[in-house]
Amino acid sequence: MNTDAQKHFPITAGDLNIYHARLIADQQVTYILEFKDRLDLERMQAGLDTIQAALPLLSCVVKKRGSKFQWVKLADYKPSFSVSDSPGNPQDEMLQFISAPCDPESQPPLKVLIIRTGDGDRLCFKIDHVLSDAGGLKFLLYLFAEAYSQEKITQPINPNRGFWQILRAFSLPTLVNAARKADVPRPGPALIAGLFDARPIFIERACLDPQQFEKVYKFGKGSGATINDMLVAAVYRTAFERLQADQDLGYPVMIPIDMRRYLPEEKRGVLGNLSSAVYPRLSRKPEEDFQETLQRVKSTMDAFKKDTPGLGATILMTVGAMRGGRMLRDRYQLAASRGSRFINLTNFGVIEEALCNFGDLQPVQAYGVGPNQYAPGILIAVSTYRKRLYLVVQGNDTQKFQPFVREFLDSILSSLGVLI
């Protein structure tokens, strides 16, 4: 197991993938927790000290030596947090924090901000995606809540951050077959044309309240579909409305897969990048209603679920990470030259109430914010807390792209509106 005495830590294929993917997205992930009361600042600091002691990677930066990368621990680094006591506009303060650039080669990955408004606090908990995906950050948030509440950590931490712990669970024929069928298509055509400004950054948010969520859930259950199937169908119907007649053939949507699903329960506590993806592709069918789109989505996603979803792309990522990830770098350079155009629907999953207790405080609202996938790409971060489902997009260009994103999210809810 890694200890504080160690100064260097290996970088994984997942880390290298995100390191090079910075060409098409600002790679940071954030959770926002809102409280009706004040957090204790001394306990905040003690909690940060506790998780840093358990996870020395939180004190590391990325260093490159020749073609090799590794995490290097900063000497005498102490984690800290910022407090905004009298924000002029809490939303603006939150946006500035979330969108502030992070350089993994000079800045430790975890950033924490408390925004104080009235009698309540808003906790902003952000990590550089080069160190961890959303699943890893949520696990870290749970560790932090426990450290804040109990001054210790009892949850099991898996120090193995690499994909090999997953790959070796499969037979060689399974791995060969998954690699042979691996499909990482080019993104579909941009749904909005034109050049876009890199700044300013915006965040658009939409949500289903608990009553709406319950109705959508029951409709999906009656059709044998998951909430994710329902959302994918709504995304497709929204995209179809914006496609031209010559853009109908097999439009791909990127659906990230948390590969922790293949680990034993006690090994899933990993601060790292263990995400892969599948890419359903549907073409538009005139006069198709929501139920028909949903059944096509369900059929496609069921086929993925029966066939080790994400395994093929994980193998490609692992191979691409050889020699410092040159293949990954070249792929993202090509993608950047053509513009980021993927629709990425990434479900951060349920934020568990029982694991988010901060002493006697529990968030009244909690949701995730994903990376800013540069326009015209759209990354929709989905998260659920207390049966309230949030759809959040971070993007760039407030003049042209933000109105489009707002309309896009409204259209998704409108598609689901036929059910609620």
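Every read-out reported here was derived from the displayed coordinates using simple, explicitly stated rules and does not represent laboratory data. None of these values were measured; they are calculated from a predicted model. A quick note on method: Cβ atoms are made from the backbone with ideal geometry, for glycine too, and the neighbour counts reach across all protein chains shown.
Quick notes
- Arranged from fewest to most other beta-carbon atoms within 10 Å of their beta carbon, Cys60, Cys207 become Cys207, Cys60.
- Taking the Cα centre of the chain as reference, the dipole from Cβ charges on Lys and Arg (+1) and Asp and Glu (-1) amounts to some 1560 debye.
- Farthest toward the positive end of the dipole of segment 7-126, out of Gly120, Gln70, Gln91, is the Cα of Gln70, where the dipole comes from beta carbon charges about the Cα centre.
- Within segment 170-417, percent of DSSP bridges classed antiparallel, to nearest 5: 70 percent
- Net charge over other residues, Cβ less than 12 angstrom from the Cβ of Tyr148 (K, R count +1; D, E count -1): -4
- Span from the segment 157-173 Cα centroid across to the segment 251-330 one, whole angstrom: 17 Å
- Between the amide H of Ser283 and those of Gly250, Tyr251, distances stay under 5 Å, these residues lying 5 or more places away or on another chain, with hydrogens modeled in the peptide plane.
- Which of Gly47, Met317, Leu172, positive extreme of dipole for the chain (C-beta unit charges): Leu172
- Phi to ³J(HN,Hα) by Karplus 6.51 cos²θ - 1.76 cosθ + 1.60 over segment 48-56, Hz, x for Gly, Pro: 4, 4, 5, 6, 5, 5, 7, 10, x
- Helix-only arithmetic for the chain: the sum of -39500 (n - 2.57) across DSSP H runs with n ≥ 4, divided by the residue total, places the mean residue ellipticity at 222 nm at -11500 deg cm²/dmol.
- Whole-Hz couplings from phi, Karplus 6.51/-1.76/1.60, listed for segment 291-308; x for Gly and Pro: 4, 5, 4, 4, 5, 5, 5, 4, 4, 5, 5, 4, 5, 4, 5, 7, 9, 6
- Cut-off 11 Å between beta-carbons: net charge of the residues surrounding Asp258, Lys and Arg +1, Asp and Glu -1: +3
- Quotient of the Cα radius of gyration of segment 8-150 and 2.2 N^0.38 Å, N being its number of residues: 1.07.
- Remark on Asn372: its backbone amide H falls under 5 Å from those of Asp26, Gln28, a criterion applied only to residues 5 or more positions apart or on other chains, H modelled at 1.01 Å from N.
- Long-range HN-HN contacts of Gly349 with modeled amide H, under 5 Å: Thr384
- Quotient of C-alpha Rg and 2.2 N^0.38 Å, computed over segment 170-417: 1.04
- The equivalent ellipsoid that matches the C-alpha gyration tensor of segment 92-208 spans semi-axes of 33, 28, 14 angstrom, in descending order.
- Here the Karplus curve 6.51 cos²θ - 1.76 cosθ + 1.60, taken at θ = phi - 60°, turns the phi angles of segment 133-140 into couplings of 8, 5, x, x, 5, 5, 4, 5 Hz, with x standing for Gly and Pro.
- Working note: Cα gyration tensor of the chain, eigenvalues times five, square-rooted, sorted largest first, giving semi-axes of 32, 27, 21 Å.
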